[in-house]
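Contents: one structure, followed by commentary.
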Amino acid sequence: MSVVSGVLLAGIALPAAGGIGLAAKDTAEGFDEVPDDFKTPPLTQATQIFDARGGLIAKVYERDRTVITADQMSPLMRQAQVDIEDARFYEHGAVDLKGVLRAISKNAESGTTAQGASTLTQQYVKNVNVEQAGDDRDAVLEAQRKTLGRKIQELKVAIKLEEDLPKEQILTNYLNITYYGNGAYGVEAASRRYFGKSNKDLTVAEAAMLAGLVQNPSQYDPKLHPQAAQNRRDTVIDKMVENKHITADQAKEAKAAPLGLNYQAPQNGCITAQAGMGFFCDYVRHVVKQDPAFGKSADERKKVWNTGGLNIHTTLDPDKQAAAQNAVTTNVRVTDSVSAAVSMVEPGTGKILAMAQTRPYGLLKDKNQTVVNLNVDSAMGGGNGFQPGSTFKPVVAAAALEAGLPATQEYSSPNKLEYPTMKTCEGTWKNEARPKTVVPNESANEKGPYQLKEAMALSVNTYFVQMEQEIGLCAVKQMANKLGITTRASGKPLEEVPAMALGVEEMSPLTMANVYATFAAQGTYCAPIAINKITTVDGKDVPVPAGHCEQAFSESTARALNTVLNGVTENNGTGAALNLEDNRQIAGKTGTSDHKKAAWFNGYTPQLATAVWLGGPDGGVEMRDITINGKHRTEVFGADGPGPIWRDAMDQALKGTPKQSLPMADIPDPAPRPNPTSTGATTAPATTPPAQQH
């Protein structure tokens, strides 16, 4: 007995002596300061993400914890935890010598080390070390190692901590940091996990059960081992009577009560989001982890996200999200070989109002779930994007108008055209293929001359290649950059090639929605934003990414574009069938990629810009001889595939909002052309048969 006592007491002699002023000089110097992380530990908590109206989108966390103050805690809970873990907590310092001697005696008698002697303060210090280790498994194991050196270090900190903090604060910190099993950290999360209520509302029996879990959350798990949990609860109740914190009658009543679980399964992460908001939730996560507003380095930003404890108020409009979600799920089935994605952006602010796609957010591939956000670039959780086809032609038009070309600009626009030599930012592009690469128009009767308004309405390929040649590829690239297109969706650089005008470089729906939002905002480009405001759980504001807007092109160019793109949706334009049910003014552009692997309709009103993509999620489905939503299609174009999705989404999203007109320009129609088959007769500008939509 004396040998065992001597060995064990030697292990605590140094810190114990230091605690009464008798330590060696180097030990005393180590007591000068206790790190702030032990006084007010930055505990990992749950983060809540809200939509623009305050509705909860999702709760995300590395550790489910809600930090609360002492007066928000149940007195019963505080008493129960002290009684079972360290009944003499208020009587001893960081080291309980009586407890140590008692443990030595008990362990010697039993031949085990079952009886511990750590005070509640020491346990708290150990928990802080584990918390600081985070998700680093090796660091966690190191923090939990039962070595003499580790014990001495914990005791040193505990002694100084007792000098710097009142007992009540140490207890509060302990109750906030401790693990109670089933993913619940701290008493508030534990109360809500097991009983579905705040801990301040706990009964004696409930508080006792929670307090009993701390020693071994797995062994006393009330879901898996209800009898063991009840026995442990009753032990805690006995301790509360022994320490005169409850009466014998209260104890009798508490022991007679059932466990009374109202278990609330952990609801963690974007996968729990409703109404298709999981992808937007994931986008917010990427914003926090990538935007310098949340830290200079990736590690700093990751720490902000993992530490949590944030209330993130986003730009997502629940009504517009519902409109987008309804449109993609009613027009395309989850089981179809293709999927649809919709992004909605507010012109003039860059606020992302909706983000939806047909396939649900999740990990179950057999249920056609995915975690790839088809609306965004690869860096933000998306894929490699999709060729936007002719929806890129307005970017070329914007560059041309800004370069000084008139809105009545005319080109010969032959039915086929060899790609001509073009200037780039660095030199010259030449058509050196043998035979030379040729660009055709969509149909055999599509040949010019055409002016801009007509060429855009009919989506004439050779017209925009000739326009590109006149202004140069560098001007197109620079305009794309001003509109937020700085790379392809994959992150690869834009290539200055003539086919750029035909939308061969992959983009995401969010990027294209924001381009069209710039058209709607009279040339004002605003970087997309997803977050309005962030506060901590104690109400402090957290800096968020600042909105950034600048004039990408002149208002006169914007008016001309509005007029030209409005023409796409009227008369003989490729989007003429997409008028909204309230007949409000719209503008937009259809687009179909090579081999019909992607189809688009991007359009806008002054209040709302929406981009819709339809195609194979991996970009490999040719939309010919295909069934979508139970309907067989010979082939899919922008107007009859994504177009109806756009119309349905916009109809619902804009219902009840005031009609607004787009600022327009006066662009005269081209003069009638001579009819080549008759003498002296004239004919209206060529039109494209309905089947040949772009």
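The values are calculated or read from the model by the stated rules, or taken from the named source; none is laboratory data. Source: prediction; values computed, not measured. Methodologically, a virtual Cβ is constructed for each residue, glycine included, from the backbone with ideal geometry; neighbour enumeration extends over all protein chains shown. Surface accessibility is based on the protein's heavy atoms, side chains included, excluding ligands, DNA and RNA. Shrake-Rupley method; radii C 1.70, N 1.55, O 1.52, S 1.80 Å.
Screening the candidates Lys239, Lys244, Lys296 for the property of being open to solvent by 60 Å² or more (accessible area, probe 1.4 Å), within 30 Å of Leu43 (Cα to Cα) and in a loop (DSSP other than H, G, I, E, B) yields one hit, Lys296.
So which residues in region 645-664 are surrounded by fewer than 19 Cβ atoms within 10 Å (Cβ to Cβ) and touching a helix residue (DSSP H, G or I) at 6+ places or on another chain (Cβ under 6 Å)? Gln652, Pro663, Met664 - these are the residues of region 645-664 that are surrounded by fewer than 19 Cβ atoms within 10 Å (Cβ to Cβ) and touching a helix residue (DSSP H, G or I) at 6+ places or on another chain (Cβ under 6 Å).
Each residue in region 377-392 was checked for being open to solvent by less than 20 Å² (accessible area, probe 1.4 Å) and in contact with a His (Cβ under 9 Å, 6 or more places away or on another chain), and 3 of them qualify.
Look at Leu561 and say whether it is in contact (Cβ under 8 Å) with a residue 12 or more places away in the chain and touching a Lys or Arg at 6+ places or on another chain (Cβ under 8 Å).
Criteria not met by Leu561.
Taking Val497 as the residue in question, decide whether it is among the β-branched types (Val, Ile, Thr) and open to solvent by less than 20 Å² (accessible area, probe 1.4 Å). Considered against the rule, which asks whether it is among the β-branched types (Val, Ile, Thr) and open to solvent by less than 20 Å² (accessible area, probe 1.4 Å), Val497 comes out as no.
Which of the residues that make up region 271-285 are open to solvent by 30 Å² or more (accessible area, probe 1.4 Å) and in a helix (DSSP H, G or I)?
If the condition is that a residue be open to solvent by 30 Å² or more (accessible area, probe 1.4 Å) and in a helix (DSSP H, G or I), then Ile271, Thr272, Arg285 are the ones that fit.
Figure legend. Inter-residue proximity from region 645-658: first residues in contact (Cβ under 8 Å) with a residue 24 or more places away in the chain, second residues among the hydroxyl-bearing types (Ser, Thr, Tyr) and in a helix (DSSP H, G or I), beta-carbon distance below 9 Å, spacing 6+ or different chains. Indicated pairs: Ile645/Thr330; Asp648/Thr330.
Being within 30 Å of Ala251 (Cα to Cα) and either open to solvent by 50 Å² or more (accessible area, probe 1.4 Å) or not basic (Lys, Arg) (or both) is the requirement here; does Thr147 meet it? Here the answer is no, as Thr147 does not meet what is asked. Scanning region 331-344 for residues that are closer than 12 Å to Trp646 by Cα and either in a helix (DSSP H, G or I) or of a type outside the set (A, V, I, L, M, F, W, C) (or both) turns up Asn331, Ser343. For first residues located in region 378-403 and on the phi > 0 side of the Ramachandran plot, partners that are basic (Lys, Arg) and in a loop (DSSP other than H, G, I, E, B) and lie 6+ apart or on another chain with Cβ distances below 7 Å form the pairs Gly385/Arg488. Among the residues of region 438-473, which ones are farther than 13 Å from Gly573 by Cβ, assigned to a loop (DSSP other than H, G, I, E, B) and either of a type outside the set (D, E, K, R) or open to solvent by 10 Å² or more (accessible area, probe 1.4 Å) (or both)? Hits for region 438-473 are Asn441, Glu442, Ser443, Ala444, Asn445, Lys447, Gly448, Pro449, Gly472. Answer yes if at least one residue in region 463-482 is more than 26 Å from Thr610 (Cβ to Cβ) and of a type in the set (D, E, K, R), and no otherwise. Yes: region 463-482 contains one or more residues that are more than 26 Å from Thr610 (Cβ to Cβ) and of a type in the set (D, E, K, R). Whenever a residue of region 199-224 is farther than 23 Å from Asn127 by Cα, its partners that are in a helix (DSSP H, G or I) and basic (Lys, Arg), lying with C-beta atoms within less than 8 angstrom and at least six residues away or across chains, give the pairs Ala205/Arg233; Ala205/Lys255.
When the residues of region 362-376 are filtered to those that are open to solvent by 50 Å² or more (accessible area, probe 1.4 Å) and touching a residue at least 40 places away in the same chain (Cβ under 8 Å), the one that is nearest to Lys477 (Cα to Cα) is Val372.
Scanning region 305-325 for residues that are touching a strand residue (DSSP E or B) at 6+ places or on another chain (Cβ under 8 Å) and in a helix (DSSP H, G or I) gives Trp305, Lys320, Gln321, Ala323, Ala324, Gln325. Within the set Asp201, Asp221, the sole residue that is under 26 Å from Tyr90 (Cα atoms) and either surrounded by fewer than 23 Cβ atoms within 10 Å (Cβ to Cβ) or among the polar types (S, T, N, Q) (or both) turns out to be Asp201.
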